[in-house]
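Every read-out reported here was derived from the displayed coordinates using simple, explicitly stated rules and does not represent laboratory data. This is a predicted model, so every value here is computed, not measured. All Cβ positions, even for glycine, are placed from backbone atoms using ideal geometry, and neighbour counts span all protein chains on display.
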């Protein structure tokens, strides 16, 4: 019985505070202080101390009568014992039978991204993250193992067990996260009908028992700028090229004088440097009966286009508290509160700010001499982007509360019962002010038709006011009724609420030291509901955003209107999982979940989702003798999961059609058939086979994880076109949702981690991951040859297709074969191409019919695919004494992008590549001539591979250089750690793509209400991601 | 044990649990009227396909399908034709939904509802048969997905028979006038029936039916042709059948099926326009010199029907008028009947919304159809035909000299009169086709092929009913 003291240090000799030192076989222990020192009284002389700290290998040290026991902990480089969350339970890396990607919260938060999913890009094999919008608060698309459906491809996201929408991931502060585990294979089936697109399990930070309060402050401030500006023509080049184009079409050149110099650089006017800042404060600790982790944060990001007009601001508050409320009964309380504010500008498509910026004439100034914005009168629908930004007013405020109460009762050594109630409540409040604004004559965005902003009158109707008898007959006399067109404000209040009540029993026992048995049995109820109320009011005083509120509007106006909607859905589930391990060598797991979903009718309301998986740890076999490999495991799994992500009650034929018609000059609301019903509707089903091998080499320095998967999704849930005679295509109507079509994804995943040190002071780690995706549509509904999507040009064709034998959403159009050089070539080619002239694109006669047909699809073919062949992530980290350097590279190879941000208007500006246009025989065989005509037809702008570009890119996502002050110095200010750093996000992008940002993904598809998948890879004028330079610090107390 | 998930949608009705009150029938009827608002496209194509106008627009790839129709190079893949096919069947289905449930409830006034519904079905089928020839005839029920492949293309003559039957029912049960502006009348039903006979070259039946409208109906020609197409003249004495629009309902470019406004007005209008009277638009459907030349000298209808932009520009001086030319073509002329006016703007995007009604059948058209029917029937009554023709020519405000001709010369005079009187109203292409003159007048028109448009290829595939494509496509 002695007093034992000691110091715990890391391998560099730095003191480690907060380390647990426990006397083995007892619950007595101590925690190291700031100096890494601990004191244990009453320790037996023969005690064994367990020294443990997260991220380090635990050590057992025999006291053997000593009174000073120091310990040096080494980082846990290959944590085979690391916990992996698998849904309603955990396992270890060593025992894992499925395919799970794990990323630590510290890695994610060190990347300084606004969104959690942004940080995941390039971090986990099999997880593809791409950007739907680079604007602050913009959404991302998360795709786990490819595109399985042209419906909803979003994975199920759970935050501490609470379902979280992928759109709402903005609300989560990356610094609050302990870990992310991505269930990729069939074992995700423990989440049944919601698991087909994979499951992302996010765990928030928790305190540790018996640890002193530790306070962490982190913050950074940065400056953002665009990752790229387009190479556009300057005013002189523009004038020359426009004159040439007009002359080619037999029209008078528009510019008598082409010496216009550089003119206006609209991009310079529109893009700006914008600040970003983020500050976090976390406090963790615990007593012997409870733990706590409390956090708060503030983040604010302004837009590189629009500044405060496109901004995102977030406050987070969080508490994670556990306490033993009775012996063996523990309560966990998690509460995450978020307040968000987002402002946006029009993005994507012909109305967007960047589209206007790209197409505006460099020969026109931004402002008139009197300071007002110019009208860009030479265009019919291109408006001054600066005027547009100045007149855009909208904001969305979100208040979100997510939490759970979980009771865990440890019945005995083997049984543990958990019951929890999770909830996710969000109030989304948005307001849009549309001022009276005049952008120039005839602009569609005008709300007034004169610069003085005198309200126009809208003719509502004419009405019979009297009858006059003339020529012996009654004649009706009519008068028009008009109201002024006024400014307006629209306010929308939406409430979303979901809850889940779950209970599950876990069993865990090892028999005779060799048979390890685990089982989970549970039940889950999930309910989701929401409602919205929206109103518009007119005539805001002074045409000013300061008064933009329904309460300030003129209440007597005719056009005030309100709308509302509500929805609800429910899920009822039972699940069972059994796991068996023999001597840590053979592992077998089987599970089944039964889900009943209110999204389907009685014919197909519930389904069973089974999965089996197994693993064999070769390196545990007596015959396995290798100095090189310390660990080798072979894994295999097969499982079935479902996807029920469609709107509610789609199986029913609801009267949702729009049937409004004017009688007596008043709109009368009728009733009409809406989306057609389908009582046989059921979930789509994914069957996934996965095999993998894990290796650990060089004493844990090198870890390799490989996976090969085949994922077949059947009975896709969507609304393919139906014959017109079914009558689905009236306003508000749509075809029935049906189950039809199959998609196959297969691919290979590789994850390599290498950790080593050179000498005592230089440590480094390299992480590399690779994902290949082969996507193919393998079946479509009867009678459907293909499904079209996306949009190209204005009122143009749909450029993407879903078709058997091709990747989903591939680009479909004409192939080109150079440029016609001479008239002789046009006439003697042997293929007729309507209206072709020298300098025009030469299209390939795909069907060998002898002519290029522009009125049907006979000469169109595959001209590209938005799906990358391969994505890779490379993560580097170096530590030398107090310095640390890290970097993340993300690579996407083989994805094509369809260029669709160039307006086909005679005077629209052009990208500089047009300088290489065809000007005469032999000048070029790539870029066609410039041509503008009001009478002749030119086909250079039909959908063709001329508009398809290789979107492959490599991007340095994050580089960081940090310095941790020596403990002696940080101690002086009472801190245990002080690290300062400088970092850059999106520092450099290597790509041949001419557009703003090759990291773009599916955006809203105007032609496909059921999803955006078929709009992938089309650049509608994408808001690029920012390049950010920042400086920050981490301070721990 | 799955009671928890057995929930119903809130505040929403099922299509299979409707028609519980008389007002349910009325609402369903309003829903069936609604699809008529999509037929702005039928009108538009009726012009572009003929020699009356060119497609126009921003570029030749802007609404490519219209340019193909303009050039007579259209095929089975054509967005506009497919929209038309879909919309008309959507309208038919909304009518059939009412007939499917017609016996669910008995109440006063049901006959009137069924009569109006019959008219609507007749109208939608008439548009289909006019464009596509043989089309599947679906009656009195909604089709389930599995029934579609059992629907053959019904011969056009049978479709016409059903149209006449539906219109007869409507005519028998509706009055000549209605207290509700926008509701279908007996006159509309009989006039459309006369038109349907004319399209089948059943001249005697056409003459008889149209005479009834002329003799018994309340219609007279308006005395001011120049304001006939303005909002203020809606519901005038010449109105037989209008599709109603008010300026409020609009739409977006993302969803043309949601378009509830009279988009033709904004789309026809002058691109980049700056000046008095008119308002800016998208320069589609531009009249040709050939149409202008058809007008006799001093015919006041020319100025009402067609705007000569350069002449207008000169006339406005010293007020400056500006406009631009679209890449889809320019003729110098605009469809002045349906052209956006500064004092007739709709709400929101007024390219897509207009308060102007679509005049589908005017009394002048009734008179000219009757004239043609009397002139071309087996036993011609040229006296009557001439009287009708001259009534149109000599109306107050037009005052063209009366024609004096018989036989073939009279036929030609009627054809001429139809082209100028009805210029820009979407009728000329079908007039040329049914009178066998299309090949002479329309460049690229192939006899035996272009009389009807191709059935959208996707519809042939989707139906899976073994429909054969129209000859030549």
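Inter-chain Cβ neighbour count for B:341-353, averaged per residue, equals 4 (cutoff 10 Å, partner chain atoms only). Using the Cβ-Cβ distance between residue A:913 and residue B:223 with R0 set to 51 Å, the FRET efficiency works out to roughly 0.25. Express in whole angstrom the spacing between the alpha-carbon centres of the stretch A:341-392 and the stretch A:566-624. Result: 54 Å between the Cα centres. Computed from label points 7 Å out along Cα-Cβ, the spacing between residue A:2 and residue A:925 is 8.8 nm. Once the chain from residue A:514 to residue A:710 is taken as fully extended at 0.36 nm per residue, the excess over their C-alpha distance is 67.2 nm. Residues in the stretch A:417-452, backbone N under 18 Å from the label point at residue A:331 (7 Å along the Cα-to-beta-carbon vector): list them, ranges by number please. Flagged as within label range: A:417-423. As a proxy for reagent exposure, A:377, A:413 were ordered by neighbouring Cβ count within 10 angstrom, fewest first; the result is A:413, A:377.
FRET efficiency for the pair residue A:687 and residue A:256, taken as 1/(1 + (r/R0)^6) with r the Cβ-Cβ distance and R0 = 60 Å, rounds to 0.30.
For a paramagnetic label modelled at 7 Å from the Cα of residue A:225 toward its Cβ, which residues of the stretch A:298-318 fall within the zone defined by backbone nitrogen distances under 15 Å? Hits in the stretch A:298-318 for residue A:225 at 15 Å: A:304-305. Model label points for residue A:165 and residue A:427, set 7 angstrom from Cα along the Cα-to-Cβ axis, are 1.7 nm apart. Computed from Cα atoms, the angle from the helix B:79-100 axis to the main principal axis of chain B rounds to 50 degrees.
Taken residue by residue and averaged, Cβ atoms of other chains lying within 10 Å of the Cβ of B:7-20 number 6.
Figure the gain on full extension for residue A:503 and residue A:247 (residue separation times 0.36 nm, minus the Cα-Cα span) and round it to one decimal in nm.
84.5 nm
A crude spin-label estimate for the pair residue A:11 and residue A:58, with each label 7 Å from Cα along the Cβ direction, gives 2.0 nm.
Judged by the ratio a/c of the largest to the smallest principal axis of the C-alpha gyration tensor, the protein assembly as shown counts as prolate, that ratio being 1.5 or greater while a/b is larger than b/c.
Once the Cα atoms of helix A:235-248 and of chain A are each reduced to a long axis, what angle between those two axes, in degrees from 0 to 90 to the nearest 10, is obtained? Between helix and principal axis, roughly 50 degrees.
The helix-only estimate of mean residue ellipticity at 222 nm for chain A, built from DSSP H runs of length n ≥ 4 each weighted as -39500 (n - 2.57), is -1500 deg cm²/dmol after division by the residue total. Figure legend: label point modelled 7 angstrom from the Cα of residue A:564 along Cα→Cβ; residues of the stretch A:483-502 with amide N under 17 Å from it are A:491-497. Going from the residue with the fewest nearby Cβ atoms within 10 Å to the one with the most, B:110, A:518 rank B:110, A:518.
Remark: the Cα gyration tensor places the stretch A:2-73 in the prolate category, a/c being 1.5 or greater and a/b exceeding b/c.
Please order A:606, A:698, A:379 by the number of other Cβ within 10 Å, starting at the fewest.
Working: A:606 20, A:698 15, A:379 24.
So the residues, fewest neighbours to most, are A:698, A:606, A:379.
Here the peptides A:700-706, B:337-343 are ranked by packing, the mean other Cβ count within 10 Å, and the order with the highest first is B:337-343, A:700-706. Could you tell me how far the Cα centroid of the stretch A:500-547 sits from the Cα centroid of the stretch B:277-325, in Å? Taking the Cα centre of the stretch A:500-547 as reference, the centre of the stretch B:277-325 is 63 Å away. Mean residue ellipticity, 222 nm, helices only, chain B: the sum of -39500 (n - 2.57) across DSSP H runs of n ≥ 4, divided by residue count and rounded to 500, is -13000 deg cm²/dmol.
Under the criterion of Cα pairs below 8 Å and six or more residues apart, the relative contact order for chain B equals 21 percent.
Between residue A:699 and residue A:835, residue separation times 0.36 nm minus the direct Cα-Cα distance comes to 41.9 nm. The antiparallel fraction among DSSP beta bridges confined to the protein assembly as shown stands at about 95%. Which of rounded, prolate, oblate describes the stretch A:835-887, given a ≥ b ≥ c as roots of the alpha-carbon gyration tensor eigenvalues and a/c under 1.5 marking rounded, otherwise prolate only if a/b is larger than b/c? Taking the square roots of the gyration eigenvalues as a ≥ b ≥ c, the stretch A:835-887 is prolate.
A straight line joining the Cα centroids of the stretch A:6-34 and the stretch A:151-209 runs 33 Å. For residue A:547 and residue B:397, the FRET efficiency from 1/(1 + (r/R0)^6), where r spans their Cβ atoms and R0 equals 45 Å, is about 0.35.
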